[in-house]
Number of protein chains: 2
Amino acid sequence: MDDAIRKKLFQNAKVWVYEAGDKIREQIHQQFKVDTKSNANDLVTEVDQSTEQYFQKQIKSHYPNHQLLGEEGYGDNVQSLDGTVWIVDPIDGTMNFVHQKRNFAISVGIYHDGVGEIGIIYNVMEDVLYTAVKGEGAFRNDKKLDLLSNEVQLETSIIALNSSLACENKRVNERKIQQLIKDSRGTRSYGSAALEFAFIAEGILDGYITMKLAPWDFAAGYILLNEVGGITVQANREPVNLLEGNTIVASNKQISERLLTDYIELKE
Amino acid sequence: MDDAIRKKLFQNAKVWVYEAGDKIREQIHQQFKVDTKSNANDLVTEVDQSTEQYFQKQIKSHYPNHQLLGEEGYGDNVQSLDGTVWIVDPIDGTMNFVHQKRNFAISVGIYHDGVGEIGIIYNVMEDVLYTAVKGEGAFRNDKKLDLLSNEVQLETSIIALNSSLACENKRVNERKIQQLIKDSRGTRSYGSAALEFAFIAEGILDGYITMKLAPWDFAAGYILLNEVGGITVQANREPVNLLEGNTIVASNKQISERLLTDYIELKE
């Protein structure tokens, strides 16, 4: 992608994310309809939907040739990463949005011919914007983030994971996850994959493991983490797939191999 | 306790908490020494210690007859709750303090003849002060918190717990905790007991379960939660003990009985 095009694209994306955040903050204390999707705990609200529609409208009017892959289905039926593809989660952490009215994010990843160009994660209620442009590093608001530490060890790491991974499940050997919980310094669970990626990029978490993540959950975080030297792979060591659901092991590079070797054993 | 005495005590405690928060913010980006206590992940810093010493000095100079029970041992050897006892955690969530430079709190609970009179939890980096005075309700900064909802059900609850409870352990049947993880809407883990109590009081979490909590971890949260109609008990259904370590089940009253009956089975 041409530098000038990327620069303008980044400016537009940032403006739209901030505008979407304004709209979310206007709606958050009003009544809104909550529905469920794949299961009783997979929530969606009118606000998720209207926010995605806002992005759809902006993208289609300014960049009619770009495709949109969005969580709520207002985008395109994206079959390939050819050209420019926006991968958008209008509200990542909808359960937090509904129950907590905070701790959720807008996540926007922009890919060109499969290469991550721009990643934006906006912690709406804290008004913290994480951004990354390929080759230019990552930022938390106006502050450039340091490259991740070379001195992180598993035993002094804090790992984000959902406690359900330590329970009997179909995807991963829970005994090894339980061992990880014992061997690491501590675990945390925040309920927003986008923010969990952002926290690794900031260095306040050292890793994040999840067995079921859609492209819109990590499309921005993957780019952000790349820019600070972090590693994101699937649990089977394959590169992440931007068109399908993924198992994800994202971490400081010092512990990535150890997480994959010692603590992740896929069942399927 | 006399109303006028309580009022003045509350004012002083608030001023000292804010001052202690100022000092912590001054020190947080400097180098500080980190040591370990009971195990390699039980951290303590110079800042925990100096903050507790600050409270000790203020309390002893203004209220020489009051006792201080503090995490770092600069207080008194408190053997009973007779008279007025300050129960202080200078930094609750020291692991967060060290690794994240946020998500920790100052926790101050003041008891008179065993009755909780004043609870203060200060999220230092967010500058959010949670306060409660017996019989006067609970506040988040200047906003009075609503009584907790009467409509909470286990299946739509968000429960805070450390993922280690789902692993083989000596204290509680992990199988039942795993069932709770499956039956509830979701779990979270933030790494600060005081904040997890505050979040229940706010209604953004519905419960918090932990098998090992010292009095300074919950002395303020217990009072805060009382004021909004929440319930805090030990896992064996005994009242909390302010002089010893406790198992804790804190929650919205609608789900307290169900948590205790269906999901908590003590091993010892």
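The values are calculated or read from the model by the stated rules, or taken from the named source; none is laboratory data. Since we're looking at a predicted model, the values are computed, not measured. As a convention, Cβ positions derive from the backbone with ideal geometry for all residues, glycine included, and neighbour counts pool all protein chains shown. The accessibility values were calculated without ligands, DNA or RNA, using every heavy atom of the protein model including side chains. Shrake-Rupley method; radii C 1.70, N 1.55, O 1.52, S 1.80 Å.
The C-alpha atoms of chain A define a longest principal axis, and helix A:3-27 lies at about 90 degrees to it. Using a cut-off of 14 Å between alpha-carbon atoms, which aspartates and glutamates can reach B:K144, once sequence neighbours fewer than 8 places away in the same chain are excluded? Qualifying aspartates and glutamates at Cα under 14 Å: B:E136, B:E202, B:E227. Among B:6-18, B:33-45, sorting by the average number of other beta carbon atoms lying within 10 angstrom of each residue, highest first, gives B:6-18, B:33-45. Once the mean 1/r over all distinct Cα pairs of segment A:1-81 is inverted, what Kirkwood radius in angstroms do you read off? About 14.4 Å for segment A:1-81. Taking all Cα-Cα distances within chain A, those exceeding 22 Å account for 53%. Take segment B:36-107 with all the other protein chains still there, run a 1.4 Å probe, and you get 39 Å² of accessible area per residue. Annotation: average projected area of the protein assembly as shown is 23.7 square nanometres, based on the convex hull of Cα atoms across all directions.
Taking every C-alpha pair closer than 8 Å and separated by at least 6 residues, the mean separation divided by the residue count of segment B:154-267 gives a relative contact order of 30 percent. Along segment B:81-98 the Karplus relation, 6.51 cos²θ - 1.76 cosθ + 1.60 evaluated at θ = phi - 60°, assigns HN-Hα couplings of 9, 5, x, 9, 10, 8, 10, 10, 10, x, 9, 8, x, 4, 4, 5, 3, 6 Hz to successive residues, with x for each Gly and Pro. Only Cα pairs within less than 10 Å get springs; with that Gaussian network setup on chain B, which residue of B:I120, B:I87, B:I24 has the largest fluctuation? Highest fluctuation among the options: B:I24. To the nearest ten degrees, helix B:193-202 and the longest principal axis of the Cα atoms of chain B are 70 degrees apart. Of the peptides A:227-240, B:207-220, the order by per-residue mean of other Cβ atoms within 10 Å, starting with the highest, comes out as B:207-220, A:227-240. Contact order for chain A, expressed relative to its length and based on alpha carbon pairs under 8 Å spaced 6+ residues apart, stands at 16 percent.
Among the listed pairs A:K143/A:K253; B:K143/B:K253; A:K212/B:K267; B:K8/B:K253, a Cα-Cα separation exceeding 25 Å is found for A:K212/B:K267; B:K8/B:K253.
Remark: label point of A:D2 defined 7 Å out from Cα along the Cα-Cβ vector; separations to the same position in other copies 8.1 nm, ascending. Remark: segment B:137-255 carries a charge dipole of roughly 240 debye about the Cα centre, counting +1 on each Lys and Arg Cβ and -1 on each Asp and Glu Cβ. Computed about the Cα centre, the dipole magnitude for the protein assembly as shown is approximately 0 debye when only Lys and Arg (+1) and Asp and Glu (-1) carry charge, each at its Cβ.
Taking only the C-alpha atoms of segment B:154-267, Rg followed by Dmax gives 12.5, 35 Å. Annotation: amide H of A:D92 within the under-5 Å range of A:A105, A:I106, A:S107, sequence separation 5 or more or interchain, hydrogens built in the peptide plane.
Considering all C-alpha pairs of segment B:42-199, those separated by over 23 Å amount to 50%. Across peptide A:178-185, the mean count of Cβ atoms from other chains lying within 10 Å of each residue's own Cβ comes to 3. Shown for B:V115: label points 7 Å from Cα along the beta-carbon vector, and their distances to the equivalent points in the other copies, 7.2 nm in ascending order.
Determine, at each q value in 0.30 (inverse angstroms), the log₁₀ of I(q)/I(0) that the Debye formula gives when each Cα of segment A:94-145 is one equal point scatterer. Treating every Cα as an identical point scatterer, log10 I(q)/I(0) equals -1.07.
Put simply, the amide H of A:T187, placed in the peptide plane, has neighbours under 5 Å in A:I159, leaving out anything fewer than 5 places away on its chain.
Sequentially through segment A:157-174, phi angles give Karplus couplings (6.51, -1.76, 1.60; θ = phi - 60°) of 8, 10, 10, 8, 7, 7, 4, 5, 5, 8, 9, 3, 7, 8, 9, 9, 5, 5 Hz, Gly and Pro residues having no value and appearing as x.
Summing charges over all other residues whose Cβ lies under 12 Å from the Cβ of A:P64, with Lys and Arg as +1 and Asp and Glu as -1, gives +1. Give, as a single signed number, the net charge of other residues whose beta carbon lies under 15 Å from the beta carbon of B:R140, with Lys and Arg counted +1 and Asp and Glu -1. Here the charged neighbours net out to -3. Distances between equivalent label points of B:P239 across the copies, with each point positioned 7 Å along Cα→Cβ, amount to 6.4 nm, shortest listed first. Over all other residues within a Cβ to Cβ distance under 13 Å of B:L259, the charged ones net out to -2, with Lys and Arg as +1 and Asp and Glu as -1. Mind putting a number on the dipole of chain A about its Cα centre? Charges go on the C-beta only, +1 for Lys and Arg and -1 for Asp and Glu, and I need it in Debye to the nearest 20. About 300 debye.
The angle separating the long axis of helix B:215-227 from the principal Cα axis of greatest extent in chain B is about 70 degrees.
The Stokes-Einstein estimate for segment B:188-232, based on a Kirkwood radius over Cα pairs and taken at 4 °C with 1.567 mPa s viscosity, is a diffusion coefficient of 124 µm²/s. The phi-based Karplus calculation (6.51 cos²θ - 1.76 cosθ + 1.60; θ = phi - 60°) puts the 3J(HN,Hα) values of segment B:143-151 at 9, 5, 7, 5, 4, 5, 4, 8, 10 Hz, whole numbers, x for Gly and Pro.
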